[in-house]
Structure formats: C-alpha cells, structure tokens
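The values are calculated or read from the model by the stated rules, or taken from the named source; none is laboratory data. Note that the structure is predicted; figures quoted are calculated from it, not measured. Cβ atoms come from the backbone with ideal geometry, glycine included; neighbour counts cover every protein chain shown. Ligands, DNA and RNA are stripped out before the accessible areas are found, and what is left, the full protein with its side chains, is counted by its heavy atoms. Shrake-Rupley method; radii C 1.70, N 1.55, O 1.52, S 1.80 Å.
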Amino acid sequence: MATVRETTYDLLRALGLTTIFGNPGSTEEPFLQDFPADFHYVHALHEASAVAMADGYAQATGRPAHVNLHTAPGTGNGMGNLVTAWHNRTPLIVSAGQQSREMLLMEPRLASRQPTELPQPYVKWSHEPARAQDVPAAFMRAYATAAQPPSGPVYLSLPLDDWQQPADPPPQVRTVSTRFAPDPRRLREFAALLTASRNPVLVLGAAVDRATAWPLAAAVAERLAAPVWSAPAPERAAFPEHHPHYRGVLPYAIAPLAEKLTGHDVVLVVGAPVFRYYPHVPGDHLPPGARLLHVTDDADEAARAPVGDSLLGDAGLTLAALLDLLPAADRPPPAPRPTPPPPEPGDPPDADALFAALAACWPTDGVLVQESPSNLAALRRRLPVTRPASYFTMASGGLGYGLPAAVGIALAERDTGRGRPVVAVIGDGSFHYSVQALWTAARLRLPVVVLVPVNQQYAILKAFAELKSTPGVPGLDLPGLDLTAVAHGYGCATRVIDTLPDLADALAEALRADRPTVLAAPISTAIPTLL
Ligand SMILES: Cc1ncc(C[n+]2csc(CCOP(=O)(O)OP(=O)(O)O)c2C)c(N)n1
C-alpha cells in the first residue's frame, strides 16, 4: 500500500514541482528521506535565501515553486522574504515540518505552537491537515490557491510522523485558471471614458509583465497617443523603457506623484496598487480635474485605493479587450523624453557613472535584479529595461531578497534552457542580509554576476533622515566590511572595479565563468536625494 510520502511525491511530480528549495531539519527528514533521483533539492544555508530563491524561480519560470522550511524557527527565518513573496504576488508553496502528532499536546522541542497562525497575514492559506491521509490533497489545494489570482504564497505545516502512514487513494490532479476577464459592461464604461478623454495617461505595474502583456500595453498607449509612466517602486518592468511614450518611474510619495500627472484628465492604472507610497509627503492623490481608472486582479487592492474607480480583471486580458474597443486618438503622440546628460566624472565615480558604464556593456538579453536602495533612480535612469521579464526586485521594501532571488532566477534560466545572463545590482548594505545564497550559486555553478556599488553606508536611510529631519540616528555606517573576502569564502570569484573602464572586461569574464562573481565597485559617498 502506498504511503502518504509516496503519494505526495507522485502528486508533486504530476504538478511539475520537482525542484524543492529548502534548508533541512529533523522535522523534515521523514519527508526528504530517500530523496527521489528525479527531484532537485536546492540547498540554501538560511531560510531567507531559500524563500527568495524559490520566489525568483517561480517568477522566472512563470509557475508555482515549492520551498520546504524547518518548523517554527525556519519559518521565522524565512518570514521577511515571505512578506516579500506576498507583495510580489509570487505563487509559493511553503511547507514546513512539524513535531510528531503523538507528542504535540505537550509541545516538545521544535513543535510549532500555532503553525497556521505563524505565517499570517502573509499567506493566502495556511493549514495543518487534520489527518496524515489529507497531506497529498492539501498540496493540491495549496497549489490551486497559490496559482489563482491574486497569486501568492500558501503554507502547510506537516507533522513528521505523517509520511510513513498508509495513504488514501491519490487526489485528482486538477488544473485551475490563473487569469480572468473583466466585466464587459464596466469595461465599455472604461473604454468610453478613455475615448472621451482629452489627455489620458497610462500608469503600468508589475502585473502587466506577469501577464506577458508588454505588446498590448504598447498598443493601447499608441492607440490613445498617451504617455506611459511606471507605477512607483515596481517589482517588475511593465513597458519598453526605450519607447518614445515612456516617461519614467513615478515618485513614491503622494504630492510629488500627483504633480507628475498634472494636466491629465484620465489616469488609467493597470496592474499596480494605487499607489505604492513610501515617505509621507501629504497632498492630493491626483491633480485637479483628473479621474483615475484602476485595473487589477485583486479585489483587496481595488478596495484600499484612496481614489479611483476599479475594474477587476487580468492585466493582459483587460488591455486586449480595451484595445478592441478604443478608436485611434486624433492627437499627436507625446514627444519623446530628453535623454539624460552624460554623467559627471568623479573619483570614485558616482552611481550614475557606474550604471552608465554598466549600460554600455549590458548583455542584450540580460536580466537585471535590483536591491540598491539609494542608487535606484540612477540605475533606472541609465539602464532602461527594454525586454519583458528582465527586471526583478522586491515589492515589499524588505532587504535580503535580491541576491537569493537572482540565484533562483539564474537557476530558472538554466532549467528552462533560456540561458539569459543574470546580473544583480545589490547595495553593500543589502548584500549581507541573505549573503549565504552565494554558496548555493557556487555549488550550482551558476554564472550570476553581483555588482555591488560600495558606499560603506545605508545611504537611503541618511536621505530619509534628512527628509524627515531626524538627525543623529545610529547604525547608518558600514566600516570595516570586506565583502570580497566574504564572497570568496562562499566560493565566488571576486574583482574590485577600481576604474570604470575595467567594468566591461570584468563583466564579460564573469558571464563566461562557471561560478558566481562578485564585482565590488567603490562609489561616491554623496547622499542622493530621496525624491
Ligand atoms: C529587512 C530590512 N531591514 C532593514 C531595512 C531598512 N533599510 C532600508 S534601506 C537600508 C540600507 C540599504 O543599504 P545599501 O544596500 O548599502 O544601499 P544604499 O542605501 O547605501 O544605496 C536599510 C538598512 C529594510 N528595508 N529591510
């Protein structure tokens, strides 16, 4: 008779979940025993790395991913990146071991006390099966829940004595839909408002990229002769940033954002929250006379928007349906935005100069992963994202995502056979949150390149303190960190970029390597402004 373990592995196989990210413990060993040869266990040295690697893998493959954590402490360690997976809308199945059912009443060592509450509210569903025999079907339900819109993480707590129990007949392997079309009547109302608009503008978010809808977004922008902004602090790029209609990324504060939209009478937001603000700069959410139309697949996101009327629907299906209804606008297209002036030379260079040098040697099909808080504006100014599914960062604001996510993305590039090069730009503070991911990349021989702008400080926090007039904050400097020694210890090649002309050669060499490379690039310590 089949065991719960065998039935579960058969189900995972049928669902294509044969890669498991994790860090093992005693409560997981009965699940992981005799690990099947057709499965791949991706060993992370810390659970924050395991979760973010799985997140990157899920996003780059476009399918749910599975990460296995060690009961309550492992879940705790992974929690920061679980918060990120929630905001990223990444379909993740997080399973965690639990102590033996027979001992749970007295809470032995490593028992998870309230396992279904522990990951809340950053999971869509959290469950500990009532019977061992329910474990396989719980995975089926977890998969269906994670994948359906709005997609996101789910959590299963699995007692370690369940795996050897005799199984019920296997659950049916079911499929679910991952997108839904908008209400046709409300869609026509939106189309009518856009058609009547004198000066519409598009604001696009990550869901456009998740829906592989760049061409539709460009077609709608051209049909409306409308300029296009990226929604503030996007976790993915939604539009070809070299397109003449593209304006840049909106600022993440209320008054400055509204100011950028001045003059527009209709603001169509697709696939982003309204809006992802960061510092509080009070003001009106929209300029005078503007009306906001919001397309999202998340009813909660629609409900919490402070302004606007919403339409529930998948970003791609809604853009396609709008395109069918919109006549070509009778006005000239917006003038292309001016190209930024060349960066100022400096020794050490500033971030603008570093990223201009990076742009000059950027691989055409490169994937950019970003976690460089104070240098983000410079990076986005100098290195436009021109291809879909090639820019990733965290939607949450929590550090420690980018480096392991880049490893997961690079693994997905290998596993899918796409083989695109992955370059992560990670601040020298952000670098250390999930730094152990470098070891996994080295073990997997992934040629991930990690470019670290080294300013030896938490520059963005200095900028925030300046904006909010809170002088004297401790803990904002990072002296005495030898990040190339750290990277070397995890098995990476390393190089210090002392002069910018070295970058092209260093990048080419790193992309040819059979292991990760950390490029440390000293930059100016001047503090960029926050807004
Ligand atoms: C998990 C977590 N801890 C702390 C913070 C607060 N925080 C935001 S930005 C930042 C500093 C980032 O430093 P670095 O990566 O060097 O980038 P820089 O600001 O210097 O460009 C910190 C500590 C955070 N966002 N997430």
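Can you work out which of the residues in segment 420-473 that are open to solvent by 30 Å² or more (accessible area, probe 1.4 Å) and free of Cβ contacts under 8 Å to residues at least 24 places away in the same chain is nearest to the ligand (Cβ to nearest atom)? If we take residues in segment 420-473 being open to solvent by 30 Å² or more (accessible area, probe 1.4 Å) and free of Cβ contacts under 8 Å to residues at least 24 places away in the same chain, then L461 is nearest to the ligand (Cβ to nearest atom).
For segment 264-292, the set of residues classified as under 23 Å from S469 (Cβ atoms) and open to solvent by less than 50 Å² (accessible area, probe 1.4 Å) consists of P279, V281, G283, listed by residue number.
For segment 118-136, what are the residues that are over 30 Å from T296 (Cα atoms) and not in a loop (DSSP other than H, G, I, E, B)? Correct list: A132, Q133, D134, V135, P136.
Are any residues in segment 198-224 open to solvent by 10 Å² or more (accessible area, probe 1.4 Å) and part of a loop (DSSP other than H, G, I, E, B), and if so, which ones? Within segment 198-224, R198, N199, A211, T212 qualify.
Please verify whether segment 25-37 includes one or more residues that are among the β-branched types (V, I, T) and under 30 Å from R210 (Cα atoms). Break it down stepwise before answering.
Looking only at segment 25-37, we keep the residues that are among the β-branched types (V, I, T), and these are 27.
Pick out the ones that are also under 30 Å from R210 (Cα atoms) and you get none.
No, segment 25-37 contains no residue that is among the β-branched types (V, I, T) and under 30 Å from R210 (Cα atoms).
Do we find that V496 is within 16 Å of the ligand (Cβ to nearest atom) and either farther than 15 Å from P528 by Cα or at pLDDT below 95 (or both) in this structure? The answer is no for V496.
Close Cβ contacts (under 9 Å, 6 or more residues apart or on different chains) running from residues in segment 269-298 that are free of Cβ contacts under 8 Å to residues at least 24 places away in the same chain to residues that are of a type in the set (F, W, Y) are absent.
Segment 1-117 holds helices (runs of 4 or more DSSP H) entirely within its bounds, and those carrying 1 or more residues that are open to solvent by 20 Å² or more (accessible area, probe 1.4 Å) and aliphatic (A, V, I, L, M) map to 4-14, 29-32, 71-88. Restricting the search to segment 353-400, which residues are away from the ligand (no atom under 13 Å from the Cβ), touching a Leu at 6+ places or on another chain (Cβ under 9 Å) and not in a loop (DSSP other than H, G, I, E, B)? The answer is A353, A356, A357, L358, A359, A360, L368, V369, R382, Y391, F392.
Being within 20 Å of A351 (Cβ to Cβ), of a type outside the set (D, E) and away from the ligand (no atom under 11 Å from the Cβ) is a description that does not apply to A487. Can you pull out the residues in segment 315-368 that are free of Cβ contacts under 8 Å to residues at least 40 places away in the same chain and more than 29 Å from T212 (Cα to Cα)? P341, P342, P343, E344, P345, D347, D352, listed by residue number. Looking only at segment 490-518, count every residue that is among the aromatic types (F, W, Y) and within 21 Å of D347 (Cα to Cα) and tell me the total. Result for segment 490-518: 0. Taken over segment 297-325, the criterion of being part of a loop (DSSP other than H, G, I, E, B) and surrounded by 17 or more Cβ atoms within 10 Å (Cβ to Cβ) is satisfied by D297, D298, A305, G308, G313, D314. The residues of segment 364-374 that are open to solvent by less than 10 Å² (accessible area, probe 1.4 Å) and under 20 Å from L476 (Cα atoms), listed by number, are E371, S372. R188 meets the stated requirement of being assigned to a helix (DSSP H, G or I) and open to solvent by 40 Å² or more (accessible area, probe 1.4 Å). Determine, yes or no, whether T494 is within 30 Å of H43 (Cβ to Cβ), in contact with a Ser or Thr (Cβ under 7 Å, 6 or more places away or on another chain) and open to solvent by 50 Å² or more (accessible area, probe 1.4 Å). Spelling it out, T494 is indeed within 30 Å of H43 (Cβ to Cβ), in contact with a Ser or Thr (Cβ under 7 Å, 6 or more places away or on another chain) and open to solvent by 50 Å² or more (accessible area, probe 1.4 Å). Of all residues assigned to segment 135-156, none qualifies as being over 29 Å from the mean Cα position of the chain (by Cα) and open to solvent by 30 Å² or more (accessible area, probe 1.4 Å).
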